[in-house]
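The values are calculated or read from the model by the stated rules, or taken from the named source; none is laboratory data. Remember, it's a predicted structure, so these values are computed and weren't measured experimentally. Counting neighbours? That spans all protein chains shown, and the Cβs are built from the backbone with ideal geometry, glycine included. SASA here: full protein model, heavy atoms, side chains in, ligands and nucleic acids out. Shrake-Rupley method; radii C 1.70, N 1.55, O 1.52, S 1.80 Å.
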Number of protein chains: 2
Amino acid sequence: MQQRARATRESILAGAAAVFEKQGYETASLARVAEAASVTKGALYFHFRSKEELARAVIAAQHALGVERSAAILAEGRPALETMILMSRGFGQDTLNEPMVRAGIRLTFEASAFGQDVAGPYQHWVEGLEALTRAAREEGWLHAGVDSGSFAHVLVASVTGVQMVSNVLTGRRDLMERIEEMWAALLPGILAKEHLHEGPRLVRLIRETPDE
Amino acid sequence: MQQRARATRESILAGAAAVFEKQGYETASLARVAEAASVTKGALYFHFRSKEELARAVIAAQHALGVERSAAILAEGRPALETMILMSRGFGQDTLNEPMVRAGIRLTFEASAFGQDVAGPYQHWVEGLEALTRAAREEGWLHAGVDSGSFAHVLVASVTGVQMVSNVLTGRRDLMERIEEMWAALLPGILAKEHLHEGPRLVRLIRETPDE
């Protein structure tokens, strides 16, 4: 019984992702979501009382997906800098493959439309990347002048911007290439002298790492 | 007569910027814009036949504002790299001070909601910054390995992302500081060896250049 409720909830979230991604928050309706999820409006209301609650759940599901993906990459036990690079790659791939991620992004930037505080996930990414930047410095990959807080901020902003601009210019067709280009621009400014020659190999990780 | 028509058009655009910035494309109505601009609905329809036409005019006005600002900076005749830094500073200041810019940004990223091709202004910025990057390299400020097309793309994406994330995290309160931080991260990777020591001075330009 509980399992069936969970399956219904997941169908609703998938339907909501499809509708929010395509129509945005304002135009989306609960009726349209129920239809996309093939559930009755009654079933939908049992799980989500309002469009706002549903939008919040989509943003939370997007964040959970990103966290899960990052945990899998962390578990590979690579150097922290490689982990960061592969996390940005994972974000790019999930943006291309997962409607939940694209819907979450759209909702986050429409947030003022529905008055929700959406800073949480971004704050979480900044903090996680700050810790990884610190680790990468301690592992000797970054030079001493790299400020972990600043670099984490720049990285979150750059990945966000690369995604937005790739969407505007090419409908995200060049997204993975642009993530490589971003790292190619950032690495020479942060790598420790003795690792500078590894920049090109690190960028190639994005293209060459097998999908799990 | 023509002058009065132009003044009315500008009032309408200012009203539209205020309404689009606050409500987004879907929720905004022409009635609400007419009210914000203190014009009759008849006068509004005389200038703009539809909400889509009005939104397009706001994006065009935002772009014109950015181009005008950049032309003024170019006219100062500084080295190309300083020009690029001050152009990103101008974008930040205009985002903070001009509702037209904030409305244009919001509409651009809601574009899929109203099916308009909004790549034009972004393409324009990428091309302009590519030419400036090439000039900065020819002037000896950038090392030979900097690819002008790549760097222009990364810069447009970074400025876009810095703005989006600053909005989500602090309502843009830290925007100018984040633009400094972005340049502090980018410059060490692009400066020619003999200009590397000038990185901090270049970043300080953002804070210390007097407003025109």
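Placing the label point 7 Å from Cα along the Cα-to-Cβ direction, what are the distances from A:H124 to the equivalent spots in the other copies, shortest first, in nm to one decimal?
Spacings between copies for this position, smallest first, are 3.9 nm.
Between chains B and A, what is the buried accessible area in Å², counting both sides, with a 1.4 Å probe and ligands, DNA and RNA left out, to the nearest 100? Don't jump to the answer; show the numbers that get you there.
On the way: alone 11020 and 11010 Å², together 19240 Å².
About 2800 Å² of accessible surface is lost on pairing.
Are there trypsin sites (Lys or Arg not before Pro) in the range A:38-131 that DSSP puts in a loop and that have at most 13 other Cβ atoms within 10 Å, and which ones? All intermediate terms of the calculation are to be shown ahead of the outcome.
Values: sites: A:K41, A:R49, A:K51, A:R56, A:R69, A:R89, A:R102, A:R106; in loops: A:R49.
Hits after loop and neighbour filter: A:R49.
Which distance in nm do the two modelled labels at A:Q2 and B:A60 give, with both placed 7 Å along the Cα-to-Cβ direction?
So the two model labels end up 6.0 nm from each other.
Could you tell me what percent of the accessible area of the protein assembly as shown is made up of carbon and sulfur, with a 1.4 Å probe and every protein chain present?
52
Between helix B:2-27 and chain B, what is the angle of the helix's C-alpha long axis to the longest principal axis, kept within 0 to 90° and rounded to the nearest 10?
That works out to roughly 80 degrees.
Just want to confirm a number: the relative contact order over chain A, from Cα pairs under 8 angstrom separated by 6+ residues, in percent.
Reported as a whole number, the value is 20 percent.
Compute the helix-to-body angle for B:51-74: its Cα long axis versus the longest principal axis of chain B, expressed 0 to 90° and rounded to tens.
Helix B:51-74 and the main axis of chain B meet at about 30 degrees.
Run the numbers on the range A:128-152: which residues show a drop of 20 Å² or more in accessible area, chain on its own versus all protein chains together, using a 1.4 Å probe over heavy atoms?
Output list: A:S150.
Give me the net charge for the shell around A:A31: Cβ to Cβ below 12 angstrom, other residues only, Lys and Arg +1, Asp and Glu -1.
Values: positive: A:R32, A:K41, A:K51; negative: A:E35.
Around A:A31, the charge tally is +2.
Hey, rough spin-label estimate for B:E138 and A:E198, points 7 angstrom out along Cα→Cβ, what's it come to in nanometres?
Each label point is offset 7 Å from its Cα along the Cβ direction, giving 3.9 nm.
Could you state the angle between the C-alpha long axis of helix B:80-97 and the longest principal axis of the C-alpha atoms of chain B, as a value from 0 to 90 degrees rounded to the nearest 10?
30
Starting with the highest mean, order B:139-150, B:14-25, A:133-144 by the number of other Cβ atoms within 10 Å, averaged over the residues of each peptide.
The peptides rank, most packed first, as B:14-25, A:133-144, B:139-150.
Sort B:H197, B:H63 by accessible area with a 1.4 Å probe, largest first.
Working: B:H197 140, B:H63 35 Å².
Greatest to least solvent exposure: B:H197, B:H63.
Quick one: accessible surface of B:S11, probe radius 1.4 Å, all protein chains present, in square angstrom to the nearest 10.
Here the accessible area works out near 50 Å².
Under the 0.36 nm per residue contour assumption, what length would be gained going from the current alpha-carbon distance of A:T209 and A:D174 to full extension? Please report the intermediate quantities before stating the final value.
Numbers: separation 35, 0.36 × 35 = 12.60 nm, distance 1.80 nm.
Separation in residues times 0.36 nm, less the Cα-Cα distance, equals 10.8 nm.
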